[in-house]
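The values are calculated or read from the model by the stated rules, or taken from the named source; none is laboratory data. Every value quoted in this text rests on a predicted model; they were computed, and no experiment measured them. A quick note on method: Cβ atoms are made from the backbone with ideal geometry, for glycine too, and the neighbour counts reach across all protein chains shown. Heavy atoms of the whole protein, side chains included, go into the accessibility calculation; ligands, DNA and RNA do not. Shrake-Rupley method; radii C 1.70, N 1.55, O 1.52, S 1.80 Å.
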Amino acid sequence: MNSRLLSCFSLALLSSSLFLSTQSVAAENNEGIVVYNAQHENLVKSWVDGFTKETGIKVTLRNGDDSELGNQLVQEGSASPADVFLTENSPSMVLVDNANLFAPLEADTLKQVPAEYRPAHGRWIGIAARSTVFVYNPEKLSEQQLPKSLMDLAKPEWKGRWAASPSGADFQAIVSAMLALKGEQATLEWLKAMKANFVAYKGNSTVMKAVNAGQIDGGVIYHYYRFVDQSKTGENSKNTKLYYFKHQDPGAFVSLSGGGVLASSKHKAQAQAFIKYITGKEGQESLRTNNAFEYAVGVNAASNPKLVPLKDLDAPKVEPSALNSKKVIELMTQAGLL
């Protein structure tokens, strides 16, 4: 074979190799990633739309709640089809992490979120946050009558006057923070007193509706329920106000929503890119403009201007990876709440 023919043959092989390589990458990208999503669907849809527009990578969402999807991932183990896990609260991230199912996140991604909003080990990261609040009906309670601490709701004078949704992941995350801050014995005593004092409802929005209707004086929920309702008709919150405990009280706990890449993912590069996108500038900007009214946690990221600034909440410092959902379930069951 003369040199010219050899050169042409080599170029043809190179072109073929490049074509096959490009096709392989395109095929992997088109296959996309599967996200087990326990976060608000409208918020995550804005992330997915922006990410796919920027990268061309398809995202398939499998929606559920924190504990449901967290337990499913543990059961599926390395056979899970999931590439990414997103939660509303961090205890379910801890559950999956304790089963050694997360891959380490890339250093550039971790740098996008301040250290206080992610666990030190770097296997998952904060993607948003929400504040614990006491929603109350001002016709039932004056400002002077409000509890100074979440712990005060265990006192006899609060019997039959406050509500919560103990079966939900939101409230269980709050109890996880109490456990980390106050210890097992104090938490169990508080839960037993709660059983005697509170009125149970299913869901934070139902708690707020009951307070709004004057059925109960107040309740423990997350802040965004009222903001979301106020952004619509306001009919389920017009007779309510929010009280922020502050002073690093357990009732000022800020719960992190988490995101992580599964170690078993067959599309790790794409999954890592998705977490990097949602914790980056564009992803966190969605939290400022989206009607989910959750807090942005990215470096220098701004939250919705209607919210009390995150830095002003005076939240207690809780290591996200220390939140123990299994122990909380055990204690709440022992107290007769589950």
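Of the numbered conditions (1) in contact (Cβ under 8 Å) with a residue 40 or more places away in the chain; (2) open to solvent by 20 Å² or more (accessible area, probe 1.4 Å); (3) among the charged types (D, E, K, R), GLU157 satisfies every one except a single condition; which is it?
Among (1) in contact (Cβ under 8 Å) with a residue 40 or more places away in the chain; (2) open to solvent by 20 Å² or more (accessible area, probe 1.4 Å); (3) among the charged types (D, E, K, R), GLU157 violates only (1).
Do we have any residue at all in the stretch 156-171 that's assigned to a strand (DSSP E or B), among the aromatic types (Phe, Trp, Tyr) and either touching a strand residue (DSSP E or B) at 6+ places or on another chain (Cβ under 9 Å) or farther than 26 Å from PRO91 by Cα (or both)?
yes
Mind checking whether some residue in the stretch 59-73 is without any contact (Cβ under 8 Å) to a residue 12 or more places away in the chain, open to solvent by 30 Å² or more (accessible area, probe 1.4 Å), out of contact with any Leu (no Cβ under 9 Å at 6 or more places or on another chain) and over 29 Å from ILE174 (Cβ atoms)?
Among the residues of the stretch 59-73, not one is without any contact (Cβ under 8 Å) to a residue 12 or more places away in the chain, open to solvent by 30 Å² or more (accessible area, probe 1.4 Å), out of contact with any Leu (no Cβ under 9 Å at 6 or more places or on another chain) and over 29 Å from ILE174 (Cβ atoms), which makes the answer no.
Among the residues of the stretch 290-338 satisfying the criterion of being more than 19 Å from ASN89 (Cα to Cα), touching a residue at least 24 places away in the same chain (Cβ under 8 Å) and of a type in the set (Val, Ile, Thr), which is most open to solvent (accessible area, probe 1.4 Å)?
VAL299
Looking at (1) under 24 Å from GLY203 (Cβ atoms); (2) in a helix (DSSP H, G or I), can you tell me which one GLN144 breaks?
Every listed condition holds for GLN144 apart from (1).
Take SER80 and tell me if it is more than 28 Å from GLU41 (Cα to Cα), of a type in the set (Ser, Thr, Tyr) and out of contact with any Gly (no Cβ under 8 Å at 6 or more places or on another chain).
Considered against the rule, which asks whether it is more than 28 Å from GLU41 (Cα to Cα), of a type in the set (Ser, Thr, Tyr) and out of contact with any Gly (no Cβ under 8 Å at 6 or more places or on another chain), SER80 comes out as no.
Collect the residues in the stretch 223-270 that are outside any loop (DSSP other than H, G, I, E, B), of a type in the set (Gly, Ala, Ser) and more than 17 Å from LEU310 (Cβ to Cβ), keeping them in residue-number order.
SER231, GLY259, GLY260, ALA269, listed by residue number.
Could you check how many residues of the stretch 83-137 are surrounded by 24 or more Cβ atoms within 10 Å (Cβ to Cβ), assigned to a loop (DSSP other than H, G, I, E, B) and among the small types (Gly, Ala, Ser)?
1
Within the group ASN197, ASN204, which residue is touching a residue at least 12 places away in the same chain (Cβ under 8 Å), farther than 24 Å from LEU256 by Cα, surrounded by 17 or more Cβ atoms within 10 Å (Cβ to Cβ) and among the polar types (S, T, N, Q)?
None of the others qualify; the one that does is ASN197.
With THR206, THR233 as the choices, which residue is polar (S, T, N, Q) and more than 22 Å from LEU338 (Cβ to Cβ)?
When all the criteria are applied, what remains is THR233.
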